[in-house]
Amino acid sequence: MIIILSYFIGILLTLLLIHLGINYLYRRLEVKEQTKSSTCPKMILLRILHAPFKYLISIGILLVFVYTYLKNFITLPTLPLERLEQSLCVIFLAWSFWIGLDEVQKHLRRTKGKDETTILLIARGGSVIIFISTILLLLPLLGIHVGGILAFGGLSGIILGFGVKDFLANIFGGFLLTFDQPFHLGDWIYGIDGKIDGHIEDIGWRLTRLRLQDKRVLYIPNSAFLTTLFVNASQMSHRRILQTIPIRYEDEDKLQLALASVRKLFKETESLDPKQNNLITLTNLGTMGFELNLTVFTTITRDPYYREFVEQFLFKVYNILRKNGIKVAPPTQTIQLEKAVDSSSPIQVT
């Protein structure tokens, strides 16, 4: 027993020395390569192989010790040492690929022109491929037949199908969102039904996080986007300004000149797209007066710049009407009395 204990202590000390030695070499190489560039191939390869290589050696030495010196004292797994070593190599490769995928994400984030949603798609797709490949390679090495699992999956899928239906629908919806990319992180979306209106903060596997206009956070199951009609306002090329302006009937003789001045303003305003139908027309003879319909399209789409432009533009239109002696018709209401009222009797209006 004392001999085994001494062997065990010796193995632990050996592993400690190996760890310290690998960390020392890594730091020396890291300092040497960082003087060139943190994104050079050698530096990236060092970061990918450092942790997996260190633990692979340590666990490999520990397994050799266990199977060599402890096989007569403890009951070992029936799995041969070669299978365990092969399994360790698979895990080592999977771990290295996982770290490499993280390095790819960091590189893409430093690259201009790469949006976060594309990086998210690459990360998720790579993670799924690494995970599935690792499982498929490990199961045969551990003596587990994949065919039996698939057969059991077919039976259990029927039993558990109803319980995980919504969960799988949300996972599938999240995959479609990252693949089709109807919106990106930071985009402003709103539903046709008016129930959602905010900016995308995160697109998860199961949920999408939306920051509403009042700064509350809304979590939406990804499957909801498969059946919900929504507008991606961040993809607008133009925004429309639509106003109805009531004008008094007594200003009829001044109206044509004022409309010509407003149309001239359309051409002089750079933020209005001349290729669009920018119009101001008489559309109705209302109870309060003429009703002018103002419809223009601006290339300024993002708030608060859009709202500031609308404010300044409407002030310019109002000033043109005022300079031409035109006043906006105030809201009026006509009351018709059924019979004459004695002027000496007060009329109360409530």
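Here, each number is a calculation from the coordinates, and none is a lab measurement. The model shown is predicted, which means the values in this text are computed figures rather than measured ones. Positions of Cβ are backbone-derived with ideal geometry, glycine not excepted, and every protein chain shown enters the neighbour counts.
Using Cβ contacts closer than 10 Å as the measure, can you line up Phe97, Phe183 from fewest to most?
Least to most surrounded, the residues fall as Phe97, Phe183.
For the range 192-303, state the average projected area of the convex hull of the C-alpha atoms over all orientations, rounded to one decimal in nm².
10.1 nm²
Once the Cβ-Cβ distance between Arg28 and Ile61 is put in as r, and R0 is 30 Å, what FRET efficiency do you end up with, to the nearest 0.05? Write out the running numbers ahead of the final one.
Numbers: r = 23 Å, r/R0 = 0.76.
Efficiency, rounded to the nearest 0.05: 0.85.
Where does the charge balance sit around Pro331 when Lys and Arg score +1, Asp and Glu -1, over other residues with C-beta under 14 Å from its C-beta?
Overall, the nearby charge balance is +1.
Report, to two decimal places, the Cα Rg of the range 239-323 normalised by 2.2 N^0.38 Å (N = number of residues).
Taking N as the residue count of the range 239-323, the ratio is 1.10.
How many nm separate the modelled label positions at Glu250 and Gln276, each set 7 Å beyond the Cα in the direction of the Cβ?
3.7 nm
For the range 179-233, give the magnitude of the charge dipole about the Cα centre (Cβ charges: +1 Lys/Arg, -1 Asp/Glu; no others), in debye to the nearest 20.
In total the dipole reaches around 200 debye.
In the neighborhood of Lys215, defined by Cβ-to-Cβ distances under 15 Å, what is the net charge if each Lys or Arg adds +1 and each Asp or Glu adds -1?
-1
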